[in-house]
1. Within a 10 angstrom radius of each residue's Cβ in A:54-60, how many Cβ atoms of other chains show up on average? Whole number is fine.
2. Most fluctuating residue of A:Leu304, A:Leu26, A:Leu409 in a GNM of chain A with Cα springs under 10 Å: which is it?
3. Excluding same-chain residues fewer than 8 positions from A:Lys303, which lysines have a Cα within less than 30 Å of its Cα?
4. Tell me which residues come under 5 Å, amide H to amide H, from B:Val135 once H is placed; ignore anything under 5 positions away on its chain.
5. At what distance in angstrom do the alpha carbon centres of the range A:230-306 and the range B:163-229 lie from each other?
6. Could you rank the peptides A:307-320, B:60-73, A:91-104 by their average count of other C-beta atoms within 10 Å per residue, with the highest value first?
7. Please give the average number of partner chain Cβ atoms lying within 10 Å of the Cβ of each residue in B:273-281, rounded to a whole number.
8. Provide the packing ranking of A:157-163, B:182-188, i.e. peptides ordered by the mean count of other C-beta atoms within 10 Å per residue, highest first.
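Each value in this text was obtained by applying a stated rule to the coordinates, not by laboratory testing. Quantities reported herein were computed from a predicted structural model and do not represent experimental measurements. Here the Cβ is made from the backbone with ideal geometry for all residues, glycine too, and neighbour counts use every protein chain on show.
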Amino acid sequence: MAGNDISSGPGNAGRAQARHEAAEFLLRRHRFRPAEALPWLIAIAAFFVFPDRMTFGSQVLVMILFAISLDLILGYAGIVTLGHAAFFGVGAYTVGLASARLGWTEPISGLFAAAIMAALAGFISGWFLLRYRGLTLLMLTLATAIMILETGNFRSDITGGYDGMPGLVFQPVLGMFEYDLYGRTNYLYALAVLAVVFFFVRRIVYSPFGQALTGIRENVRRMHAIGSPVHRRLVTVYTIAAAIAGVAGALFTQTNAYVTLTVFDFDTSAKVLVMLILGGTGRLYGAFIGAAVYLILEDHLSKLSPTFWQFGIGILLLVTVLFARRGILGVIEDLGRFRSWKGRIRMVPGRIVWSNVQWKGIGMAAFDGALIGLAVGFAANVGRTNLLWSWFVTEPLSVLAWTAAGAALVAAINIGYLVYAERSATGSTPR
Amino acid sequence: MPQVATIAVSILFDGLAYAMFLFITAVGLSVTMGLMNFVNLAHGAFAMAGGYFVVSLTQSYGVDFISSLIIASVLVGLISIRFERRLYRPLYKAGELDQVLLTIGLAFMAIAAFTFFYGPIPKSVPLPQWLQGNVDLGFRAFPRYRAFLIVLGLFLVAVLWYGFERTNIGARIRAAVDNRRMAESVGINVDLLFTVTFAIGSGLAALGGGLAIQLFGLTPYFAVLYLVLFLIVVAVGGLGSLKGTLMAALLLGIVDTAGKYLIAEAGGFFIYVITVIVLLLKPAGFYGRQ
């Protein structure tokens, strides 16, 4: 920026002072905090504590990398996309095709090739798509990813289609580190790549460019008004994020030694989105927590039953959106603010002014509770009866009991909440 | 030459039947999205629920196909009111990301719940005698079920058109889609209007779900499998536009069928190409407001 772009305003000294303060502010944000070492220490500790789970560990690292790339465009620039898997897939297939069809098996140069191809895809699609917003952008990103998927499916003679390309071979990393059966080399390799990319992303986020992105997220019109080249900035960050997603995809292929067209699926885009939201958007480390928690839960629960796990993701999403919009990291931040628990939270019951109570609201809540009770009762009884819906006919008393229980429970919670809410509404402490 | 004509007629017929399914299922989504700008990815879940209710009614209770279609639509419509009031309403003012996440969560829960109750195996439905076999139209025989679908679709188009363009409630909906604040300030209760349209839209989706069983088979993944298509129909047609939704359903239904007849390996490639082209040229769809 030119030094004389402010013609009127504070004097030279004041301006220099302001500029100095701004620079200080940015530097302060950029400075490393001790807590930032934590995820890396955990990652290294995991290497020694779970030596036999390193294949799973590599998957977590790959998904963290993928989620970071999404955080860059979603959390910082505010671009909502449903097709981020496209770039992950382009990276994965660049490496896969290079190995299987061209015999290019050197892993590190493969990462760069994947980054370049994905960046190219990101630049081209971003140039066209980032003019749009809202539903149109959602649909365009989604359609783009599916188009690439269908193209790959059409030329399944090259890509292997949904059967994929199993048994890919890669050279040892840096020509030195052989792959072992337990995936330990893979884990350290993925961790090293993640560290390099992460510190690159961290620099971007705390740079003036990163500030401009946040500005675009918060208020596009204002950024236009102060002359920020919004479209160019968005395309730039979209391209960078695509390249990182491509690297994540390439790592995915290299650590798994196989790749199928499912990497382009809507499921992949949705999964990474859920991980990021779960961890918390726009705060760098959300990707770490989100991906780790999601994959560990998935690993345990889907062994129990894939159906329960799917229900679990649904509930996680619902709870996150309705109650913890800033993710796990946001919840942790909030908890950190409660320095003294005793001083902050006093669950002292108040006295309900019954004439003020909105019975209609409680009635509706009880009705919803009845529906939930009915559904739970149905689920609990579905195994015992041979015909799916016969529970309703054969045991009307049981149906009634479940319904009433659900209604009573939810109504009781509602009235119980009122006891406390009433106090804070009146602002007075009861005797 | 006759061969070409035969294929063309087949494409047109099957495409029309497919388009009618798309229209019936997606029209509710279009109107609710136009009214509240709410991105509802759980719409497919309501359709799936309707389909499974039809399966249960016909197979467990012996209700005939047509009646169970009607019962399932009404049931799903009523249930959807509670979802709208309790879960959707808090997020009308939120960004589309929150809406996407909430409704995708709902869709996942629906898939899991219906897998738990019905299992992952595709379900079928017993059709009445008069919907089986072929109907001979003189020059060619067509499957009766698809012919029924086309007739029903056209009937619903007529009913919805009348309701939308010629009744008081239709006028209110159009006013609210055009300018919500203005509609509210002249005394239209947009909240109530939205609940009503949401229920009707979900009911129609359930009807579409019930009708689709015979066409595609019904699995819990129906909730997301065809969701992308519904969204595309809505986006290409333009939010809140009946005419646009019909046009988009026809275009995409026929193009998709033609693509599958002529170049089977390409799968659904063509509809996505069309979607991207249309949206790049007209970001708000055929009849959407810019």
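1. Partner-chain Cβ atoms within 10 Å, mean over residues of A:54-60: 0.
2. A:Leu409
3. Once the sequence-local lysines are set aside, what remains near A:Lys303 is A:Lys271, B:Lys123.
4. Those qualifying (amide H under 5 Å, at least 5 residues apart or on another chain) are B:Phe142, B:Arg144.
5. Distance between centres, Cα-based: 33 Å.
6. Peptide ranking by packing, descending: A:91-104, A:307-320, B:60-73.
7. What the average comes to for B:273-281 is 4.
8. In decreasing order of mean packing, A:157-163, B:182-188 become A:157-163, B:182-188.
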